[in-house]
Amino acid sequence: TPPTGEHRLARRQALAIGAAALGLAWADRGARAASPAGFRLATFRADVTPPLGHPLLGGNFAPARSIADPLSAIGLVLLGGKQPIVLVAIDWCEIRNDAYARWRQALAAAAGTTMENVLVACVHQHDAPYVDLTAQRLLDEHQAGRICDPAFQEQASERVAAALAKSLSEAPPITHLGLGQARIEGIASSRRIVLPSGKVTFGRYSTTRDAAVRGLPEGLIDPQVKMLSFWKGDQPVAAVSFEASASSRLTS
């Protein structure tokens, strides 16, 4: 079942909470602002490409047959607040339920922080893994197929956690934050378009070239792409951009 408006807002709120957490950690520096040991930022990257034959989109696509573009997990760790804060974006479709908890546990342990300080986000392309360990266990009990490979999921989370742990010794000091945003046009739309009469019309679940559909109002989306950047003096260290429309993309 596609996400409801309530779930769309929850996803948007999750991203906002992650950005707010970074800001709160920065504000918490207090007396440390005047000391040499201020904030530092570690960045890390690891390969999370599934093996050939792994299900894609939970089995809704054919299993992986070739690798045209390797998949990555890219993240950062903000150090210097009360506890490290971790953000990571993964080139997978979705990570659900106990699989999501497992990712946060692994990354929290590697960073020396708690799960509450770890935000894991999926880029959500469809030709990529869709992981739910509970669902896979239920399928295994009934011999009803595969949506993911739990062993690969564990290997991937451990690989990313190892990359995070290694990055902590190479975290440069951060002296400035950059904040920016720009309006998005012609890129996204809400999943369901509500007409002035209140009737729900065409549901956008994928790309479309139908001019009539493309001409409908955008509906409930986040119209801004936002960026948070970290600087060491005038040298950029990392940047995070996000836009949460929770919608299908419209391509020309």
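If the Cβ limit is 7 Å and pairs must be 6+ apart or interchain, which residue in segment 92-108 that is within 14 Å of His124 (Cα to Cα) and aromatic (Phe, Trp, Tyr) pairs with which residue that is outside any loop (DSSP other than H, G, I, E, B) and open to solvent by less than 10 Å² (accessible area, probe 1.4 Å)?
Matching pairs, first to second residue: Trp92/Val131.
Looking at segment 68-81, which of the residues that are modelled with pLDDT of 95 or more and either part of a loop (DSSP other than H, G, I, E, B) or among the small types (Gly, Ala, Ser) (or both) is surrounded by the fewest Cβ atoms within 10 Å (Cβ to Cβ)?
Pro70
Do you know which residues across segment 128-148 are acidic (Asp, Glu) and either within 30 Å of Pro84 (Cβ to Cβ) or in contact with a helix residue (DSSP H, G or I) (Cβ under 7 Å, 6 or more places away or on another chain) (or both)? Reasoning before the result, please.
Going through segment 128-148, the residues acidic (Asp, Glu) turn out to be 132, 140-141.
Listed by number, the list holds a single entry, Asp132.
Among the residues of segment 89-110, which ones are under 17 Å from Ala46 (Cβ atoms) and outside any helix (DSSP H, G or I)? Break it down into steps so the answer makes sense when it comes.
The first filter runs over segment 89-110 and keeps only residues under 17 Å from Ala46 (Cβ atoms), leaving 89-92, 95, 99, 102-110.
Of everything in segment 89-110, those that are under 17 Å from Ala46 (Cβ atoms) and outside any helix (DSSP H, G or I) turn out to be Ala89, Ile90, Asp91, Trp92, Ile95.
The values are calculated or read from the model by the stated rules, or taken from the named source; none is laboratory data. The shown structure was predicted, so the numbers you read here are calculated from the model rather than taken from an experiment. Glycine also receives a Cβ, built like all others from the backbone with ideal geometry; neighbour counts cover every protein chain displayed. Note: areas computed on protein heavy atoms with side chains; ligands, DNA, RNA excluded. Shrake-Rupley method; radii C 1.70, N 1.55, O 1.52, S 1.80 Å.
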